[in-house]
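*Asks:* Supplied in structure tokens, the structure appears directly below.
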Amino acid sequence: MARRGLPLLRHILRDSAAAASAPPLLKALASAESRRSVTYMPRPGDGTPRAVTLIPGDGIGPLVTGAVRQVMEAMHAPVYFETYEVHGDMDTVPPEVIQSIRKNKVCLKGGLATPVGGGVSSLNVQLRKELDLYASLVHCFNLPGLPTRHQNVDIVVIRENTEGEYSGLEHEVVPGVVESLKVMTKFCSERIAKYAFEYAYLNNRKKVTAVHKANIMKLADGLFLESCREVATKYPGIKYNEIIVDNCCMQLVSKPEQFDVMVTPNLYGNLVANTAAGIAGGTGVMPGGNVGQDHAVFEQGASAGNVGNQKMVEKKKANPVALLLSSAMMLRHLQFPSFADRLETAVKLVILEGEYRTKDLGGDSTTQEVVDAVIAALD
Amino acid sequence: MALCRLLQRNSINQISNRVLPCCSQYFSTAASPSETIRATLFPGDGIGPEISESVKQVFSAAGVPIEWEEHFVGDKVDPRTESFLTWESLESVRRNGVGLKGPMATPIGKGHRSLNLTLRKELGLYANVRPCTSLSGYKTRYDDVNLVTIRENTEGEYSGLEHQVVRGVVESLKIITRQASLRVAEYAFHYAKTNGRQRVSAIHKANIMRKTDGLFLKCCREVAEKYPEITYEEVIIDNCCMMLVKNPTLFDVLVMPNLYGDIISDLSAGLIGGLGLTPSCNIGEGGIALAEAVHGSAPDIAGKNLANPTALLLSSVMMLRHLKLNDKADQIQNAILSTIAEGKHRTVDLGGNSSKTDFTKAVCDHL
């Protein structure tokens, strides 16, 4: 994504007045490459506005989804939102929301808070199981201009989203002894492996790494690895290797450039995605989504802290970048590539310039200031 | 319970945990500096024997009153222990109460248990403690890491209970018990108190795994009430991972169940420079401590005098602290840290070209 956005970025910088006052590096970039020449030829009628379900969610959710709405309007994107209120303390996701997503096939969502320790099961997990969104994708990459400890990070973590440790099957055997079942099936492992390799193939990725702990959980993770190996043989052009999850985390903090696409079962995927997001800039900027056979739900990539805390909500200082980049992914999914490119370029330009950054990126702006900057940067 | 407190105060060494299983919760044996203490040493394989030599050298240069009892991994399976470790070796650790273990290569094959599993089960090693501190002089991307990970080592996701339900469907059981969670939480708070740590964070995923991690959290909360001077907080694992890679100074002592502990302790080791520099200590029932080097046996550099003994040296320092020989421990630790900080004698893996003997000599000189 970063590679495709740069030519447009340079084009904008060359034409706009800001190029005159831009630092020498930006000027060099601007003059380097020419305008994008490949065009997207739509079928007649592709430009009809598409309906997208919007779930603002809890905490900072309404703030960041509001940001997306504003930017979409400013771009005149052929997308209109059907908003539904869902909150983390509800028992189940209301059926009309599910129906709407089934009709529209695409949804954009803010975070839903999950109560810790008891009571209702997580609504995020419920939504994924109900719609069978079996693949969760997080794209972690260095944003140009954002200083991080690690460079050359460009990792996509594809995580199995429906079974594994999150099956929710727990019971108390006798008082003081609790069991939790981790269920792994060949069916789910195979389809997530297929999705990972297909993603790599369609996005010109060179390597897929399977993350596991099969030296200890021989049958469960062994089944997962078997499925990955089988699918790997069907894609001889893509390199495949396996790594144990604890070694993987260690390598992520020391040599992240060795990873490309990673496919993992449910729990490890959560940890690896959040670690990769952390090294690349934080969960405030990483886009992601959940996809199934028939539906796709886009949300902030890594899940840690995606409802934010109370102070962030009150001061309106949540970071909208993650959801904006996820909505760009959504636009590409809906086959509006030029809008997606414009949005991504504008967001990256705002981060590159560095004037409007929220607190988690080291700045002090409010959400609205960042949104205004993005809208101003749109071409 | 009053009896337990009596025992804890007196720290009587001879009560075996078979007689009073619920009271074997005293955590370290105070050693008087005049008498020599016997400690079991497992040199291990590969570079193990060389780095064990370094430890012995440094200890004798520092005048530590420890007498080593060396045991080697056999080449035949001992039927009493079902592994290559003999019954005598295990008895030796039980008797002495402390041990130091070098890297052991896992023999492949069936009919025996893995060496680590044998040690864990036979000695009842329930907590794995790994202090991760940035070494000044070895620059990584993180400069100010100073945390300790304490991992429950007996149950959780690694219970090894799996079965195939029908073809293509596998179930794996994660077990959490009140007893094990209380035990590791007690040790974590005790460690925090005796080592001057301010905060203990329990790492969990109780929003999804409500009953299992919920039980773990409940036990941690119970123990936290007994230590009001230590701040207690709970952090969800994905948040923890993210915070660790962004800002490791946010954490002090981390206590977690088995799987999360495995991942987080390796992640923290990665932050300071890898397993070749990280000390580790396993705490068992009855106050047994088995310090170990968690890196591999590196057969390719075995015998070439290139190995880095830092991990085993720092682990032996942990062992000394367990024995409450704190001034000797501080002395040796400062010597190691200043040798690395100085940068003149660095082994190959840290980017220098000193041999192991040079490095060891430099540490002895710094004492």
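The values are calculated or read from the model by the stated rules, or taken from the named source; none is laboratory data. Being a predicted model, the structure only gives us computed values, none of them experimental. All Cβ positions, even for glycine, are placed from backbone atoms using ideal geometry, and neighbour counts span all protein chains on display. Quick note on the areas: whole protein, heavy atoms, side chains included, nothing else; ligands and nucleic acids left out. Shrake-Rupley method; radii C 1.70, N 1.55, O 1.52, S 1.80 Å.
*Asks:* For residues in region A:173-184 being of a type outside the set (A, V, I, L, M, F, W, C) and farther than 15 Å from residue B:205 by Cβ, which is nearest to the other protein chains (Cβ to nearest Cβ)?
*Replies:* From region A:173-184, those of a type outside the set (A, V, I, L, M, F, W, C) are A:175-176, A:179-180, A:182; that's our starting set.
Narrowing the set further to residues that are farther than 15 Å from residue B:205 by Cβ leaves A:175-176, A:179.
Numbers: A:175: 8, A:176: 4, A:179: 5 Å.
Among them, the one singled out is A:176.
One line per residue, one yes/no per condition, for (1) more than 7 Å from chain A (Cβ to nearest Cβ); (2) closer than 25 Å to residue B:193 by Cβ:
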residue	(1), (2)
B:228	yes, yes
B:246	no, no
B:255	yes, yes
B:259	yes, no
B:267	no, no
B:279	yes, yes
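*Asks:* Have a look at B:121, B:101 and point out the one that is more than 14 Å from every other protein chain (Cβ to nearest Cβ) and under 22 Å from residue B:298 (Cα atoms).
*Replies:* It is B:101.
*Asks:* For region A:151-166, check the following and say yes or no: at least one residue is at pLDDT below 95, in a loop (DSSP other than H, G, I, E, B) and closer than 30 Å to residue B:182 by Cα.
*Replies:* Among the residues of region A:151-166, at least one is at pLDDT below 95, in a loop (DSSP other than H, G, I, E, B) and closer than 30 Å to residue B:182 by Cα, which makes the answer yes.
*Asks:* Here's a follow-up. Looking only at region B:332-367, which residues are under 25 Å from the mean Cα position of the chain (by Cα), more than 26 Å from residue B:270 (Cα to Cα) and in a helix (DSSP H, G or I)?
*Replies:* B:364 - this is the single residue of region B:332-367 that is under 25 Å from the mean Cα position of the chain (by Cα), more than 26 Å from residue B:270 (Cα to Cα) and in a helix (DSSP H, G or I).
*Asks:* Among the residues of region A:333-350, how many are surrounded by fewer than 23 Cβ atoms within 10 Å (Cβ to Cβ) and over 19 Å from residue A:73 (Cβ atoms)? Spell out the reasoning first.
*Replies:* Start the filter on region A:333-350 by keeping residues that are surrounded by fewer than 23 Cβ atoms within 10 Å (Cβ to Cβ), which leaves A:333-335, A:337-339, A:341-342.
Add one more test, that the residue is over 19 Å from residue A:73 (Cβ atoms), and what stays is A:333, A:335, A:337.
The total comes to 3.
*Asks:* So, one more: Looking at A:349, A:325, which is the one that is within 21 Å of residue A:52 (Cα to Cα) and modelled with pLDDT of 90 or more?
*Replies:* A:325
*Asks:* Got at least one residue in region A:195-209 being of a type in the set (Gly, Ala, Ser) and at pLDDT below 95? Talk me through it step by step, then tell me what you get.
*Replies:* Kept after step one, since they are of a type in the set (Gly, Ala, Ser), are these residues of region A:195-209: A:196, A:200.
Next, only the ones that are at pLDDT below 95 stay: none.
No - not one qualifying residue is present in region A:195-209.
*Asks:* Looking for something assigned by the TED database to the domain that holds residue A:200 and without any contact (Cβ under 8 Å) to a residue 40 or more places away in the chain - is there at least one such residue anywhere in region A:258-266?
*Replies:* Yes: region A:258-266 contains one or more residues that are assigned by the TED database to the domain that holds residue A:200 and without any contact (Cβ under 8 Å) to a residue 40 or more places away in the chain.
*Asks:* So which residues in region B:254-275 are closer than 27 Å to residue B:122 by Cα and surrounded by fewer than 24 Cβ atoms within 10 Å (Cβ to Cβ)?
*Replies:* Correct list: B:258, B:275.
*Asks:* Taking only region A:37-87 into account, find how many residues are in a strand (DSSP E or B) and open to solvent by less than 10 Å² (accessible area, probe 1.4 Å). First the steps, then the outcome.
*Replies:* Residues of region A:37-87 in a strand (DSSP E or B): A:50-55, A:79-83.
Filter once more, keeping what is open to solvent by less than 10 Å² (accessible area, probe 1.4 Å): A:52-55.
Residues in region A:37-87 being in a strand (DSSP E or B) and open to solvent by less than 10 Å² (accessible area, probe 1.4 Å): 4 in total.
*Asks:* Please find, among B:340, B:301, B:283, B:336, the residue that is in contact with a strand residue (DSSP E or B) (Cβ under 7 Å, 6 or more places away or on another chain) and touching a residue at least 24 places away in the same chain (Cβ under 8 Å).
*Replies:* After applying the criteria, what remains is B:283.
*Asks:* Could you check, for region B:160-167, whether at least one of its residues is touching a Phe, Trp or Tyr at 6+ places or on another chain (Cβ under 6 Å), over 23 Å from residue B:238 (Cα atoms) and not aliphatic (A, V, I, L, M)?
*Replies:* Quick first cut of region B:160-167, residues touching a Phe, Trp or Tyr at 6+ places or on another chain (Cβ under 6 Å) only: none.
Within region B:160-167, none of the residues are touching a Phe, Trp or Tyr at 6+ places or on another chain (Cβ under 6 Å), over 23 Å from residue B:238 (Cα atoms) and not aliphatic (A, V, I, L, M).
The rows are residues; the columns are (1) assigned to a strand (DSSP E or B); (2) in contact (Cβ under 8 Å) with a residue 40 or more places away in the chain; (3) open to solvent by 50 Å² or more (accessible area, probe 1.4 Å); (4) not assigned by the TED database to the domain that holds residue B:299.
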{"residue": "B:68", "(1), (2), (3), (4)": "yes, no, yes, no"}
{"residue": "B:80", "(1), (2), (3), (4)": "no, no, yes, no"}
{"residue": "B:88", "(1), (2), (3), (4)": "no, no, yes, no"}
{"residue": "B:99", "(1), (2), (3), (4)": "yes, yes, no, no"}
{"residue": "B:120", "(1), (2), (3), (4)": "no, yes, yes, no"}
{"residue": "B:126", "(1), (2), (3), (4)": "yes, yes, no, no"}
{"residue": "B:129", "(1), (2), (3), (4)": "yes, yes, no, no"}
{"residue": "B:147", "(1), (2), (3), (4)": "yes, yes, no, yes"}
{"residue": "B:150", "(1), (2), (3), (4)": "yes, yes, no, yes"}
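*Asks:* Starting from residues that are without any contact (Cβ under 8 Å) to a residue 60 or more places away in the chain and part of a loop (DSSP other than H, G, I, E, B), keep the ones in region B:30-64 and report whichever is least open to solvent (accessible area, probe 1.4 Å).
*Replies:* If we take residues in region B:30-64 being without any contact (Cβ under 8 Å) to a residue 60 or more places away in the chain and part of a loop (DSSP other than H, G, I, E, B), then B:43 is least open to solvent (accessible area, probe 1.4 Å).
*Asks:* Would you point out the residue of region B:174-226, among those that are out of contact with any Asp or Glu (no Cβ under 9 Å at 6 or more places or on another chain), away from every other protein chain (no Cβ under 14 Å) and among the polar types (S, T, N, Q), that is least open to solvent (accessible area, probe 1.4 Å)?
*Replies:* My answer is B:195.
*Asks:* Against the definition (among the basic types (Lys, Arg) and open to solvent by less than 20 Å² (accessible area, probe 1.4 Å)), how does residue A:234 come out, yes or no?
*Replies:* When the stated conditions are applied, residue A:234 does not pass them.
*Asks:* On to the next question. Under 7 Å between Cβ atoms, at least 6 apart or on separate chains: pull out the pairs that start in region A:149-172 with a residue that is more than 9 Å from chain B (Cβ to nearest Cβ) and surrounded by 21 or more Cβ atoms within 10 Å (Cβ to Cβ) and end on any residue that is at pLDDT below 90 and part of a helix (DSSP H, G or I).
*Replies:* A:161/A:128; A:162/A:128; A:162/A:129; A:164/A:267
*Asks:* Could I ask something else about it? Limited to region A:335-379, what total is found for residues that are in a helix (DSSP H, G or I) and charged (D, E, K, R)? Working first, answer last.
*Replies:* Of the residues in region A:335-379, the ones in a helix (DSSP H, G or I) are A:337-353, A:359-361, A:367-377.
Restricting the remaining residues to those that are charged (D, E, K, R) gives A:341-342, A:344, A:348, A:353, A:359-360, A:369, A:372.
So the count comes out to 9.
*Asks:* Given the conditions (1) of a type outside the set (Gly, Ala, Ser); (2) in contact with a Gly (Cβ under 6 Å, 6 or more places away or on another chain); (3) open to solvent by 10 Å² or more (accessible area, probe 1.4 Å), report the number of the one that residue B:290 does not fulfil.
*Replies:* (3)
*Asks:* Tally up the residues in region A:88-116 that are hydrophobic (A, V, I, L, M, F, W, C), open to solvent by 20 Å² or more (accessible area, probe 1.4 Å) and under 21 Å from the mean Cα position of the chain (by Cα), please.
*Replies:* Count: 1.
*Asks:* Is it true that residue A:67 is in contact (Cβ under 8 Å) with a residue 24 or more places away in the chain and out of contact with any strand residue (DSSP E or B) (no Cβ under 9 Å at 6 or more places or on another chain)?
*Replies:* Yes; evaluated as a whole, the condition is true for this residue.
*Asks:* Look at region B:230-260 and say how many of its residues are free of Cβ contacts under 8 Å to residues at least 24 places away in the same chain and either in contact with a strand residue (DSSP E or B) (Cβ under 6 Å, 6 or more places away or on another chain) or not in a helix (DSSP H, G or I) (or both).
*Replies:* 1
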